[in-house]
Amino acid sequence: MKIIAFVNNKGGVGKTTCSKIMAEYLSKVKKMSVLGIDFDPQCNFSHQYLQMEIDPVAPEGLIPPIHPDYNPEDLEEMDWEGRSSIAEIFYGQGVVPYPTYIENLDLAPGHAERLLAAESVRKTEVVEKVHKQLANFLNSEDVRAAYDAVIIDTAPSKGPLTISVMKAATDIVIPSVMEEQPVQGIYGMLQLWMQESLIREKSRPLNLVGILPNMFKQTRLHKDLLNSLQGNPAINRYILPVKLNQRIVYAEVDSEEANPRSIFDFPDDHIAKKEALEAYQHIAERIYS
Ligand SMILES: Nc1ncnc2c1ncn2[C@@H]1O[C@H](COP(=O)(O)OP(=O)(O)O)[C@@H](O)[C@H]1O
Ligand SMILES: [Mg+2]
């Protein structure tokens, strides 16, 4: 079971968008059984697939809706309040993934306040309480029996949540806009990847799939930055030979009213679909070869 994470400690570079396209590529195009995980307290990935609700105790954040399988009359579920997020792993509770409108794609949504709490666990306890928990969950029999692949969307941070993703993942992709700040984020992630690689058992290396240029525009700025990364011997081997251009349709499919809601439901000759297929076919080959 591949565990594929999209990481960059800068925001707005396309982590959520690229996670979505990967989850939909594997479930819709490759017919795999996929679990999406939202590890960002902002819960943007969850909001794509579920009607997230405002947290009554912390109104600046979102919580998952009541689970469709929840039955308040079921006595065995007496200690369950009917919602489940990936943050339950930090509280020793079971995670109950939600079905989505995409066949073969389930989601373990985020929970703003509970994920933020994990981000601020004391240093002395963080290894046991946070760093190891995601890997433990994903190694469980239940998860391995139910899913062929796991896609993790992450927070724009280098904190405990991202570290626990680094420890759980088999493969990471670093999406980046070709602009100064996001490119700095690439270096931050390469550093985390190297740190994690040094302490991994040799039998399960953390594969860096590559740096995926996103929201690419044919401007001097974008072209020059991409050229300079491609000319940098410390980095160039990690830059993927595919990219996603800046296209309004990638943002449009985010809307609940969008029709279709997946880039892969557009006609085969649609430029953005062709581009996404090419990019993700390449990425999947790097992961599954
Ligand atoms: N290739 C693209 N073309 C156009 N808009 C994009 C593209 N990739 C992402 N976006 C939009 O840019 C914004 C930020 O992307 P997002 O995936 O949320 O980034 P992150 O998760 O890294 O913060 C979103 O509104 C998204 O719809
Ligand atoms: Mg995001």
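Suppose only helical runs count, i.e. DSSP H with n ≥ 4. What mean residue ellipticity at 222 nm does that imply for the chain under -39500 (n - 2.57) per run, divided by all residues and rounded to the nearest 500 deg cm²/dmol?
-10000 deg cm²/dmol
Could you tell me the relative contact order of the stretch 89-155? Use alpha-carbon pairs under 8 Å, at least six residues apart, and round to a whole percent.
25
Between R122 and A145, what is the label-point separation in nm under the 7 Å Cα-to-beta-carbon projection?
Here the modelled spin labels are 3.9 nm apart.
Let me check against my output: what whole-number percent is the relative contact order of the stretch 1-134, with C-alpha pairs under 8 Å and at least 6 apart?
After rounding, I find 27 percent.
At 20 °C and a viscosity of 1.002 mPa s, what translational diffusion coefficient does Stokes-Einstein give for the chain, taking Rh as the Kirkwood radius over Cα pairs? Give it in µm²/s as a whole number.
The calculation lands on 110 µm²/s.
With unit charges on the beta carbons (Lys and Arg positive, Asp and Glu negative) and the dipole taken about the Cα centre of the chain, which residue among N71, V121, Y49 sits farthest to the positive side?
The residue sitting farthest along the positive end of the dipole is V121.
In whole percent, how big is the carbon plus sulfur part of the accessible area of the stretch 72-173, probe 1.4 Å, protein atoms only?
That share works out to 51 percent.
Under the rule a/c < 1.5 gives rounded, and otherwise a/b versus b/c splits prolate from oblate, where does the stretch 128-169 land using the Cα gyration tensor?
Oblate, because a/c is 1.5 or more while a/b does not exceed b/c.
Can you pull the percent of Cα pairs in the stretch 230-289 with separation above 15 Å?
Here the tail beyond 15 Å accounts for 60 percent of pairs.
Semi-axes of the equivalent ellipsoid for the stretch 126-249, please: Cα gyration tensor eigenvalues, times 5, square-rooted, ordered largest first, whole Å.
After diagonalising the Cα gyration tensor, the semi-axes are 30, 16, 13 Å.
Find how many whole Å separate the alpha carbon centroid of the stretch 233-262 from the alpha carbon centroid of the stretch 49-71.
Computed from Cα coordinates, the inter-centre distance equals 28 Å.
So if each residue of separation counts as 0.36 nm, and I subtract the Cα-Cα distance between Y187 and E201, what length gain in nm does that give?
2.7 nm
Return the loop-located GluC sites (Glu not before Pro) in the stretch 41-112 (DSSP other than H, G, I, E, B) with at most 15 other Cβ atoms within 10 Å of their own Cβ; answer none if there are none.
Passing sites in the stretch 41-112 are E60, E73, E81, E103.
Taking Cα pairs under 8 Å and at least six residues apart, what relative contact order does the chain come out at, in percent?
For the chain, the relative contact order is 24 percent.
Please report the net charge: other residues with Cβ closer than 11 Å to the Cβ of V130, K and R +1, D and E -1.
Here the count lands on +2.
The values are calculated or read from the model by the stated rules, or taken from the named source; none is laboratory data. What you are looking at is a predicted structure, and each value in this text was computed from that prediction instead of being measured. Neighbour counts run over all protein chains shown; Cβ positions are idealised from the backbone, glycine included. SASA here: full protein model, heavy atoms, side chains in, ligands and nucleic acids out. Shrake-Rupley method; radii C 1.70, N 1.55, O 1.52, S 1.80 Å.
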